[in-house]
Each structure stands twice: as structure tokens, then as C-alpha cells.
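The structure appears right after this line, and notes come after that.
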Amino acid sequence: MKLLVALVAAAAIASAVAGYLRILRPRHVRWGATDVEVRRPMSGDILVQDPVMAATRAISVRARPDEIWLWLVQMGYKRAGFYSYDWIDNARVPSADHILPGFQGLKAGDVVPTGPRGDGFSVVSLEPNRSLVMEVHHTRFHVTFSTLLDPVNEEETRLVMRVRAAVRFNPLTALYYALFEPGDFVMMRKMMLGIKQRSEAMADERRAHTRVFEDVLLEAMKYG
């Protein structure tokens, strides 16, 4: 009886893994990204040469790159948060819904903390309003997190994020990776939607003020 239960459990696990690899994984590793965005080289790709996971996700944001950039550089644990599930990655503190001037000076070499110990992603390089590359490099795993802001027109930007992960497998790291890969998609999708929401709200406010100014100017010109 025990053998039968074990065989059934093993078959169920194998079926779940096969379904994930065949159906779910191909979708989540390129959520929202075009073929061009998936194939395009990004800053940071060279840091992880043979990744076990290379995920490129993208979303359209109706805002300018400089407006999105303000939200990117202030991310971090007990900074602005990660605009994701705060009960998981920010100690239940709500992610900021406004710009925090004290966290706008991000530079290469800084650490974006991911937990209370203060460790996290090291900033490898950044090009303001364009790209940001961060990494976590340990003896058993190496993960890079690259972001690209690609303007579509004056009021729309493609937010493209790429994760590349290499793992030196043992039973412990294999378990960690099995949780990391699907968890990465869940958290990153929420983060990208959070950045989109905040950036578009800021852009909408700018556009509203611009329209008000233009209306006042036109009214003044009538009587000028």
C-alpha cells in the first residue's frame, strides 16, 4: 500500500513538473515581451554566461522614461519597497506611492537591500532614464537583474526587465531554485504593474497641468 501511494505521489509530481515545463514556464519567462525584446542583448547579459533561467518580461507604460526612472532608483527594502507584495518583500510596509528624494541618488556600487540584514542587489551599472543593472553573486548562485527603458514615442515607454540566473546545484540550492523560478515571475509581474501604475499616475498629473497651462495661455492670447 505504501509503495502504491509513493508511486501515485511520484507520478503526480512528475505530471505537475512536466506541465509546468511545457505550458507555464515558456509563458512566464517572456511575459509581455516581443520576440525582438527577448532576443535583444541587454546590459548585464555578459555577467551570467550560462544561465539556467533567462527571463525577459516587458510592459507598456504611458509615461516618459524619466518619470519611470524615479520609481526604479528608489526601490529597496525599507526604502520605497518593490511595488509588489509588500507582506513578502517589505516587512508589510506599503510600497511608496510618491517620490522619495532621499533615495534618488543611486549609483554604481550601491546595494539595493532586499531584507533586514542590509544585503541585496549590488548596482553594477546605470544610465539615467535608460538602463539599470544589478546582481547578487554568491558561491552557489549568481543572479542578474537588468532593466531597460525603451521609448516608443513621446508619451509611451516599454519597461523591459531581464533576469538571468546561474546555480551550482546541490539538494539545498535545487530546492531554493525550484521555489525561486515561479516565485520570481509572481513578484516581478506585480512589481512591473506597480511601477506602471505609479508612473502613469505621475504622467497623467503632468499632462493635466500642461493642459491647464495651455488653456490659460490660449485664453490670455484671446485678450492679448
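Read-outs: derived from the displayed coordinates by stated rules, not from any lab. The shown structure was predicted, so the numbers you read here are calculated from the model rather than taken from an experiment. Because the Cβ atoms are built from the backbone with ideal geometry, glycine has one as well, and the counts that use them run over all protein chains shown.
Summary of computed values
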read-out: Stretchable slack from residue 129 to residue 207, in nm (0.36 nm times residue separation minus alpha-carbon distance); value: 26.2 nm
read-out: Peptides ranked, highest mean first, by Cβ atoms within 10 Å: ranges 99-111, 59-71; value: 59-71, 99-111
